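Enquirer: My structure is below; once you've seen it, I'll send some questions.
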């Protein structure tokens, strides 16, 4: 079946540095990709919606200058956490929509720890 | 705006028994999709079952079935013959159908229900 690959699965970075997380659709073209943040035992919180070749749409309360999203191709979206702080530590999940239908595939998620 | 509510934070069931997880939602849309996703300890989100709102017949996938009550805006998940591998967090989710205003394929999730299957 279709696969969405997210990399890295775990990353530790120092406070003040930037870190990039990649999300790739391996065998389909993703018109739209989504980035979520999930705290322990909580639901997925949508951060932004990313369409190929256009600017991402951020949810209310999400700092667009801190969480930079780029969707340069139909198979790749990246999330860059800039000037990371310990409170940015979390589990980040991407998902990709197949065409314009209702099929969504999720990446494996990325654990970010800021020390 | 659409909202999804799961009122059971935690549930448990004995192996081989049946359990039902509840979900209610609020929307003014007439055409939409509803989903149940499973998130095991690995954290990988797995689609369990999906329902198109225009279909009256309840969706089933092997041991998983839903009770979709459109008028009541209720979408419960029944797991039959529960197995240890069903232990996970379960999320109910809503998506507007294409053609609705502002539809981007965005999923709106409920708070989740943690299900523990006991041997």
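Enquirer: Looking only at residues that are within 16 Å of residue A:45 (Cα to Cα) and under 12 Å from the mean Cα position of the chain (by Cα) in the stretch A:63-80, which one is modelled with the lowest pLDDT?
Expert: A:69
Enquirer: When only residues in the stretch A:20-36 that are surrounded by fewer than 19 Cβ atoms within 10 Å (Cβ to Cβ) and closer than 24 Å to residue A:88 by Cβ count, which is farthest from the other protein chains (Cβ to nearest Cβ)?
Expert: Filtering the stretch A:20-36 for residues that are surrounded by fewer than 19 Cβ atoms within 10 Å (Cβ to Cβ) and closer than 24 Å to residue A:88 by Cβ, the one farthest from the other protein chains (Cβ to nearest Cβ) comes out as A:20.
Enquirer: Something else: Where the second residue is in a loop (DSSP other than H, G, I, E, B) and the first is over 11 Å from residue A:18 (Cβ atoms) and lies in the stretch A:64-89, which pairs have Cβ atoms under 6 Å and are six or more apart or on separate chains?
Expert: Pairs found: A:69/A:56; A:71/A:52; A:74/A:29; A:74/A:52; A:85/A:15.
Enquirer: Looking at the stretch B:65-79, can you tell me whether even one residue there is within 14 Å of chain A (Cβ to nearest Cβ) and without any contact (Cβ under 8 Å) to a residue 24 or more places away in the chain?
Expert: The answer is no; no qualifying residue exists.
Enquirer: Right, here's the next one. Please tell me if residue A:54 is more than 9 Å from every other protein chain (Cβ to nearest Cβ) and either within 13 Å of the chain's Cα centre (by Cα) or without any contact (Cβ under 8 Å) to a residue 40 or more places away in the chain (or both).
Expert: So residue A:54 passes the test.
Enquirer: Identify all residues within the stretch B:50-87 that are assigned to a helix (DSSP H, G or I) and surrounded by 18 or more Cβ atoms within 10 Å (Cβ to Cβ); write none if there are none.
Expert: B:86
Enquirer: Restricting attention to the stretch B:2-28, which residues are within 16 Å of the chain's Cα centre (by Cα) and free of Cβ contacts under 8 Å to residues at least 24 places away in the same chain?
Expert: Within the stretch B:2-28, just B:7 meets the criteria.
Enquirer: I've got another one for you. Do the conditions hold for residue B:97, that is, is it over 28 Å from residue A:40 (Cα atoms) and within 14 Å of another protein chain (Cβ to nearest Cβ)?
Expert: Yes; evaluated as a whole, the condition is true for this residue.
Enquirer: Against the definition (surrounded by 14 or more Cβ atoms within 10 Å (Cβ to Cβ), farther than 11 Å from residue B:34 by Cα and out of contact with any helix residue (DSSP H, G or I) (no Cβ under 6 Å at 6 or more places or on another chain)), how does residue B:93 come out, yes or no?
Expert: So residue B:93 does not fit the description; no.
Enquirer: Out of curiosity, is residue B:114 surrounded by fewer than 19 Cβ atoms within 10 Å (Cβ to Cβ), at the interface with chain A (Cβ under 9 Å from one of its Cβ atoms) and modelled with pLDDT of 95 or more?
Expert: For residue B:114, the condition - surrounded by fewer than 19 Cβ atoms within 10 Å (Cβ to Cβ), at the interface with chain A (Cβ under 9 Å from one of its Cβ atoms) and modelled with pLDDT of 95 or more - is met.
The values are calculated or read from the model by the stated rules, or taken from the named source; none is laboratory data. None of the values given here were measured: they were computed from a predicted structure. With ideal geometry, Cβ positions are generated from the backbone for all residues, glycine too; neighbour counts draw on all protein chains shown.
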